[in-house]
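The values are calculated or read from the model by the stated rules, or taken from the named source; none is laboratory data. On a predicted model such as this, the values are computed, not experimentally measured, just so you know. Cβ atoms come from the backbone with ideal geometry, glycine included; neighbour counts cover every protein chain shown. Areas reflect the complete protein model, heavy atoms only, side chains present, ligands, DNA and RNA absent. Shrake-Rupley method; radii C 1.70, N 1.55, O 1.52, S 1.80 Å.
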Amino acid sequence: MFAIVSIAGKQFKVEKDQTLYVPHIAGNAGDKVEFGDVIMADNNGNLSFAKSVTVKVQAEIIDHVKGDKVIAYKQKRRKGFRKKHGHRTHYTKIRIADIA
């Protein structure tokens, strides 16, 4: 069984006991979270879509981490203008506990 769920504006295909990184979710490590915005669900070949889906995805927050550093560099030739900016995006590592 799998489901396609929208988490923080992004879509993920999830299965039971899967671990994935999603955009930052409020909560502490060990907290349980539930996602009700399921777009599609598959139950042994029976597909159900958007409005007919009554499936909820339950997950557990494992950790909060930062992604790789992204560097943005701007320069204007012959002007002496250089600007370097970098950031690391915050992610949350979750484990899918159940799709019910």
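The table below lists the values:
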| item | result |
| --- | --- |
| In the stretch 68-99, residue farthest from Gly30 (Cα to Cα) [restricted to those that are open to solvent by 70 Å² or more (accessible area, probe 1.4 Å) and touching a residue at least 24 places away in the same chain (Cβ under 8 Å)] | His90 |
| Qualifying residue in the stretch 44-53 (condition: open to solvent by 60 Å² or more (accessible area, probe 1.4 Å) and under 13 Å from the mean Cα position of the chain (by Cα)) | no |
| Qualifying residue in the stretch 20-29 (condition: touching an Asp or Glu at 6+ places or on another chain (Cβ under 6 Å) and in contact (Cβ under 8 Å) with a residue 12 or more places away in the chain) | yes |
| Per-region count, the stretch 9-46, residues assigned to a loop (DSSP other than H, G, I, E, B) and either among the hydrophobic types (A, V, I, L, M, F, W, C) or closer than 16 Å to Ile62 by Cβ (or both) | 11 |
| Count - residues of the stretch 63-96 that are farther than 15 Å from Phe12 by Cβ and of a type in the set (A, V, I, L, M) | 4 |
| Search result, residues across the stretch 1-43 that are over 12 Å from Ile96 (Cα atoms), open to solvent by less than 40 Å² (accessible area, probe 1.4 Å) and of a type in the set (A, V, I, L, M) | Ile7, Ile25, Val38, Met40, Ala41 |
